[in-house]
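Reviewing the structure listed below.
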Amino acid sequence: MTEQQTWSQRFESALHPAIARFNASINFDIELLEYDLDGSVAHAKMLSKCGIISSEEKEQLIAGLEQIRQEYRQGKFHPGIESEDVHFAVERRLVEIIGDVGKKLHTARSRNDQVGTDIRLYLRDQIQQIRTQLRQFQSVILDIAENHVETLIPGYTHLQRAQPLSLAHHLLAYFQMAQRDWERLGDVYRRVNVSPLGCGALAGTTFPIDRHYTAELLHFDDIYANSLDGVSDRDFAIEFLCAASLIMVHLSRLAEEVILWSSEEFRFVTLQDSCATGSSIMPQKKNPDVPELVRGKTGRVFGHLQALLVVMKGLPLAYNKDLQEDKQGLFDAVNTVKACLEAMTILLKEGLEFCTQRLTQAVGEDFSNATDVADYLAARGVPFREAYNIVGKIVKTCITTGKLLKDLTLEEWQKFHPKFAADIYQAISPQQVVASRNSYGGTGFKQVRAALLAARAQISNQ
Ligand code: ARG
């Protein structure tokens, strides 16, 4: 391998400098360096085990690869565009360090199965890190929820006041979303953790390799059964981007709620100074930049999913250079999800304070107990639809007279229906309205306490 010629003697002139830049991926696939080294170490061990290289040659290769690792960790490995990609960069440096024996490393291997291996090793690590972050996020949600079982918050449908909720119940909805995200990533992991190493360029190899051995060394659970599929499959990356997109959907919905809650119109939370920002011109402002950025960054992750789907849709088998386009989006999605999970976890943990007084006031000043009036009559034998219509009339009267349901006198109630008795006041108090939704999975305090226990157990068991 000379400076000008990365490829074979077939080429007579060097690449045009602009084309070399256009073709190169080294600026971004350097992120895969350590995984490339891991894959190469395993490959070298396998070549020796199968008698394709000698055991001394294997030792030399591994020593050289480990030296590159040290150089990289010490910030001393800076391959340029002339190396094209991380795989060539490693091979080039290896030959510099250990001489001609370095040229044996690529026996029975192609960059196609090599890059496929690297990207899976990378994603496997990242999935584990993101799952750990999801657990931290869930645990912070539980800490807050445990303190707010009996704090009430208006519940909405169509962003109209619907029925009051336990704040813990509201927060536990996000716990459940994160739980599905955690499980989904575990499921994706199973298909990420399959080795394409040894598929060669596309057709396998003439050497007597042992694919199971490299897979075992790299802790892959399985190997690709078809070499063409092994080098050209990116389903696992698309699945990851789907899972990442859903994590972002969930974070973005929570972000949106926090943004609403912190507005003057809601005043359900106050943002703490450590997680809020000011305005350059309006001295009174405290802005929810963190959730806004999370909401904003969500689009990037969706975009990467879409981009990779489009990259894949027209590709004939097997490897095509288009596949080099899988990396930047994937890396950016990984980094975005990690950054957003970290920021939202900090925001929940120390950046938000729920204004319990304001919340208590909010649930007492609307008609979100109207369903309970209908349920009251229905429980006393009035068919629900009839009860529903009666309560509609009551609400209408209250709106015209500027009253809330709790302001009606018993005579007024009884004018609407004789089944109303003095216990109606208790039945429509917000506390009771929440407590009585004791159906499984409902917001009743008993249910919420049980849900909290189950959630704690769920994250400590797995
Ligand atoms: N840089 C390439 C990529 O990211 C590595 C594989 C190149 N293989 C090839 N036959 N050109 O996909």
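The values are calculated or read from the model by the stated rules, or taken from the named source; none is laboratory data. A quick note: this is a predicted structure, and the numbers were derived from the prediction, not measured. Here Cβ is always computed from backbone atoms with ideal geometry, including for glycine, and neighbour counts include all displayed protein chains. Calculation scope for accessible area: heavy atoms of the full protein, side chains included, ligands and nucleic acids excluded. Shrake-Rupley method; radii C 1.70, N 1.55, O 1.52, S 1.80 Å.
Quickly run through region 306-320 and pick out the residues that are assigned to a helix (DSSP H, G or I) and more than 14 Å from the ligand (Cβ to nearest atom). Quick ask: steps written out before the conclusion?
So in region 306-320, the residues assigned to a helix (DSSP H, G or I) come out as 306-313.
Correct list: Gln306, Ala307, Leu309, Val310, Lys313.
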Looking across region 304-339 at residues that are touching a Leu at 6+ places or on another chain (Cβ under 9 Å) and β-branched (Val, Ile, Thr), the single one that is most open to solvent (accessible area, probe 1.4 Å) is Val311
TODO: Examine region 290-303 for a residue that is within 13 Å of the ligand (Cβ to nearest atom) and surrounded by fewer than 21 Cβ atoms within 10 Å (Cβ to Cβ), and state whether such a residue exists.
DONE: no
When every residue in region 101-122 that is surrounded by 19 or more Cβ atoms within 10 Å (Cβ to Cβ) and among the polar types (S, T, N, Q) is compared, the one farthest from the ligand (Cβ to nearest atom) is Thr117
Restricting attention to region 321-369, the residues that are without any contact (Cβ under 8 Å) to a residue 12 or more places away in the chain and away from the ligand (no atom under 16 Å from the Cβ) number exactly 3
Ile81 meets each of (1) surrounded by 18 or more Cβ atoms within 10 Å (Cβ to Cβ); (2) more than 23 Å from Phe207 (Cα to Cα); (3) away from the ligand (no atom under 12 Å from the Cβ) with one exception, condition (1)
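Got a number for residues in region 84-100 being more than 16 Å from the ligand (Cβ to nearest atom) and either open to solvent by 20 Å² or more (accessible area, probe 1.4 Å) or more than 25 Å from Ile52 (Cβ to Cβ) (or both)?
As a first pass, look at region 84-100 and keep what is more than 16 Å from the ligand (Cβ to nearest atom): 93-100.
Next, only the ones that are either open to solvent by 20 Å² or more (accessible area, probe 1.4 Å) or more than 25 Å from Ile52 (Cβ to Cβ) (or both) stay: 93, 95-100.
Selection size over region 84-100: 7.
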Pairs returned, first residue in region 84-100 that is under 20 Å from Arg21 (Cα atoms) and in a loop (DSSP other than H, G, I, E, B), second residue that is within 16 Å of the ligand (Cβ to nearest atom) and open to solvent by 30 Å² or more (accessible area, probe 1.4 Å), beta-carbon separation under 8 angstrom, 6 or more apart or interchain, are Glu84/Asn23; Asp85/Arg111
Quiz prompt | Selection status of Ala145, over 30 Å from Leu47 (Cβ atoms), among the aliphatic types (A, V, I, L, M) and open to solvent by less than 10 Å² (accessible area, probe 1.4 Å) | solution = yes
Per the filter on region 5-23, residues among the small types (Gly, Ala, Ser) and either assigned to a helix (DSSP H, G or I) or within 17 Å of Asp118 (Cα to Cα) (or both) are Ala18, Ala20
Residue count, region 101-121, condition part of a loop (DSSP other than H, G, I, E, B) and touching a residue at least 60 places away in the same chain (Cβ under 8 Å), comes to 5
